[in-house]
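The values are calculated or read from the model by the stated rules, or taken from the named source; none is laboratory data. Worth saying up front: this structure is predicted, and the values here are computed from it rather than measured. Virtual Cβ from ideal backbone geometry, glycine too; neighbours counted across all protein chains shown.
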């Protein structure tokens, strides 16, 4: 078999990044992730055909080697064969992303993926340059009973927090479907900073105010912003102490209503925008990249192991594309004049989070071009500056009533 240098280099990097894993497991992950980038899909047949053609090996030989990582140890040929634990990948994945960051403030987005009615994938993703990178996940049958999804999400965040170490700060933006005072307290107790979007009908009373107010009334007009310390959910056994952040931006249909545990001087509702990036991460996992929505797998343990390969492949394309996004070449052609009646194009200036091309797409292109030249492209994770906190002036109850 001829030695394929880019695959050899990639395998060495993966083995180095996973020093606590058996070498066979690291090599299996490297081959899977390399193959899915080549095939632009995670299906076993597609990955097998691409690797077999690349390595000039028989298709059945490559297929059997790729099946090894998601087979339990007792079903493998030979003696003392171990079972690949996909949950042990969270530490190396998190360290690969945040290893060079001086400021380890990390936003962790939570969401679920439901391919058909077979199972549910609950994932925690580190959001970076417009995409969510899955670093911890749990797969359950769609009709599973027992452990609640909230308990699983708490466990996923705990795993990421442990991998970050004591110097990491975790922000957890969640959508309205996960609104719960219990979940809020669980995250605060675990030293996480929740950014929990709630419904407009939730009640809140700022400290020093006499009446409870619907949170939807704090930002009813475009440009309204509100932040105050107080308590929410008066019907609960113990009202929730929190700081609701409310804002209404031009062009948005609804206001953002986001309770957090941070004081008003250290919080900004714009940080909630990180949550939408996990949806772009799922797009990469599905139709935009790995084609996960086409899977026919039904065994949840196998699914969890294949997700480890998809997570590693996502890390690879995002680190390469993210570096290209960070070091973008300057334009040599002046912008074209805008025609009358046409909407202005989105800006792509440094510091503007809107991008013409996703970093995952950039990374895939860079990697494929590198492989055509016989090299394995690498990158590094360079975090973007966090949104600057804009101080929201305090408002008294009398001033609020007069404004309304």
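Residues in the stretch 281-302 that are free of Cβ contacts under 8 Å to residues at least 40 places away in the same chain and part of a helix (DSSP H, G or I): 283 only. The condition of being at pLDDT below 90, closer than 25 Å to residue 35 by Cα and surrounded by 12 or more Cβ atoms within 10 Å (Cβ to Cβ) holds for only one of 314, 295, that being 295.
The set of residues in the stretch 85-135 that are out of contact with any helix residue (DSSP H, G or I) (no Cβ under 8 Å at 6 or more places or on another chain), within 22 Å of residue 178 (Cβ to Cβ) and touching a residue at least 60 places away in the same chain (Cβ under 8 Å) contains only 105. The residues of the stretch 7-24 that are in contact with a helix residue (DSSP H, G or I) (Cβ under 7 Å, 6 or more places away or on another chain), outside any loop (DSSP other than H, G, I, E, B) and modelled with pLDDT under 90 amount to a single one, 23.
Taking the stretch 143-250 as the region of interest, the strands (runs of 3 or more DSSP E) fully inside it that hold 1 or more residues being surrounded by fewer than 16 Cβ atoms within 10 Å (Cβ to Cβ) and in contact (Cβ under 8 Å) with a residue 60 or more places away in the chain are 169-174.
Restricting 111, 103 to residues that are outside any helix (DSSP H, G or I) and over 11 Å from the mean Cα position of the chain (by Cα) narrows the list to 103. Condition check for residue 97 on (1) part of a strand (DSSP E or B); (2) at pLDDT 90 or above: one failure, at (1).
Looking only at the stretch 374-387, count every residue that is surrounded by fewer than 17 Cβ atoms within 10 Å (Cβ to Cβ) and in contact with a helix residue (DSSP H, G or I) (Cβ under 9 Å, 6 or more places away or on another chain) and tell me the total. Spell out how you get there, then give the answer.
Pass one, the stretch 374-387, residues surrounded by fewer than 17 Cβ atoms within 10 Å (Cβ to Cβ): 374-375, 378, 380, 382, 384-387.
After this cut, where a residue has to be in contact with a helix residue (DSSP H, G or I) (Cβ under 9 Å, 6 or more places away or on another chain) as well, the list is 374-375, 378, 380, 382, 384, 386-387.
Number satisfying all stated conditions: 8.
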